[in-house]
Amino acid sequence: MALREIRIVGDPVLRTPCDPITTIDDRVRSLVEDLLETVDMDGRAGLAANQIGVSLRAFSWNIDDEIGYVLNPVIVELSEDEYQDGDEGCLSVPGLWFPTHRAWYARVVGTDLDGREVVVEGTELMARCLQHEVDHLDGMLYLDRLERSVRKKAMRAIREQL
């Protein structure tokens, strides 16, 4: 297991859709261990594989003292009539938080390392995390979901950090 370095906005791996995991081998098992260890720190809610430089569809979460992972996650349900607009941040966009519109509830289906189906669902922070991490696996950052005027401020703030 290893605590892995987080890739920062501007790294092309963050904009590349991740490949499905087709075989559970030692590489995938090691990836899951690294995801779990790297997300297990204060202030970390979720971590996608591409945030540590691996373009495979896997992410981990650390919400309400529960740490877990899912392989090949797919969002299968989002609340259609309840939303949240709180500030969202990202380990790959360090130190910046912006209001981001997300569904109040989300459910993701994927698998574990033994190939068994995994269902992860939740509201509020867990729902936000599930949507955020699946976006990462699709090559999107939360910045892409910001309203135009907010996104402009966010991009300016990122440039100022460089």
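Checking residue 134 against (1) among the aliphatic types (A, V, I, L, M); (2) under 15 Å from residue 48 (Cβ atoms); (3) modelled with pLDDT under 95, only one condition comes out false. Which one?
The one condition residue 134 does not meet is (3).
Among the residues of the range 154-162, are any surrounded by 14 or more Cβ atoms within 10 Å (Cβ to Cβ), under 21 Å from residue 18 (Cβ atoms) and not β-branched (Val, Ile, Thr)?
No; the residues of the range 154-162 include none that is surrounded by 14 or more Cβ atoms within 10 Å (Cβ to Cβ), under 21 Å from residue 18 (Cβ atoms) and not β-branched (Val, Ile, Thr).
I'm trying to understand the selection: among the residues of the range 108-127, which are surrounded by fewer than 19 Cβ atoms within 10 Å (Cβ to Cβ), in contact with a Gly (Cβ under 8 Å, 6 or more places away or on another chain) and in contact (Cβ under 8 Å) with a residue 24 or more places away in the chain?
118
Might you check whether a residue that is farther than 16 Å from residue 134 by Cα, touching a Gly at 6+ places or on another chain (Cβ under 7 Å) and not in a loop (DSSP other than H, G, I, E, B) occurs anywhere in the range 31-42?
No, the range 31-42 has no match at all.
In the range 78-102, how many are surrounded by 17 or more Cβ atoms within 10 Å (Cβ to Cβ) and either among the aromatic types (Phe, Trp, Tyr) or within 15 Å of the chain's Cα centre (by Cα) (or both)?
Result for the range 78-102: 8.
Return the residues of the range 128-152 that are part of a helix (DSSP H, G or I), free of Cβ contacts under 8 Å to residues at least 60 places away in the same chain and either surrounded by fewer than 14 Cβ atoms within 10 Å (Cβ to Cβ) or of a type in the set (Asp, Glu) (or both); say none if nothing qualifies.
Residues satisfying the conditions are 135, 144, 148, 149, 152.
Can you name the condition, by its number, that residue 106 falls short on among (1) among the aliphatic types (A, V, I, L, M); (2) in contact with a strand residue (DSSP E or B) (Cβ under 8 Å, 6 or more places away or on another chain); (3) in a helix (DSSP H, G or I)?
Every listed condition holds for residue 106 apart from (3).
Need the failing condition index for residue 28 against (1) assigned to a helix (DSSP H, G or I); (2) modelled with pLDDT under 95, just the number.
Among (1) assigned to a helix (DSSP H, G or I); (2) modelled with pLDDT under 95, the lone unmet condition for residue 28 is (2).
Which of the residues spanning the range 62-97 are in contact (Cβ under 8 Å) with a residue 24 or more places away in the chain and outside any strand (DSSP E or B)?
64, 79, 86, 91, 92, listed by residue number.
The values are calculated or read from the model by the stated rules, or taken from the named source; none is laboratory data. Note that the structure is predicted; figures quoted are calculated from it, not measured. FYI the Cβ positions are ideal-geometry reconstructions off the backbone, even for glycines, and counts take in every protein chain you see.
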